[in-house]
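Please read the structure below before turning to the comments.
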């Protein structure tokens, strides 16, 4: 019996360490913040590209928000008029666009501002429409 006694302490420490490591691995990092705003509705505003050829113009369209997911369609008026589908998600008070380009718009009351990184980095300001 005394022969195995010195092995008990390291074995107990090993098992205790494995249990502690396994419980630490089971804790998932916090996910994105739930939506604090609802951006469904009509929006209009301006865009301004400050790289490349640059340019500026008018944006108008609508967002539909279902939980954290957001999608919509916007008319982009500048040198040309384009209509584009947009999608992304809302986390906290931010709209994080993924299609057609990545961007983040921060919502404050009835206004959202931010940048979209398409062909050029573009500054966007939108106001909720009645």
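The values are calculated or read from the model by the stated rules, or taken from the named source; none is laboratory data. Here the structure is a predicted model, which means the values were calculated and not measured. Cβ atoms come from the backbone with ideal geometry, glycine included; neighbour counts cover every protein chain shown.
Below is a table of values for the structure above.
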| item | result |
| --- | --- |
| When residues of the range 105-118 are limited to those that are touching a strand residue (DSSP E or B) at 6+ places or on another chain (Cβ under 9 Å) and loosely packed, with under 13 Cβ neighbours inside 10 Å, the one farthest from residue 49 (Cα to Cα) | 109 |
| Residue within the range 31-38 that is touching a strand residue (DSSP E or B) at 6+ places or on another chain (Cβ under 7 Å) and at pLDDT below 90 present | yes |
| Candidates 79, 123, 96, filtered to the one that is outside any loop (DSSP other than H, G, I, E, B), touching a strand residue (DSSP E or B) at 6+ places or on another chain (Cβ under 7 Å) and either touching a residue at least 40 places away in the same chain (Cβ under 8 Å) or farther than 19 Å from residue 42 by Cα (or both) | 123 |
| Flag for residue 92 being modelled with pLDDT of 95 or more and buried (at least 17 other Cβ atoms within 10 Å of the Cβ) | no |
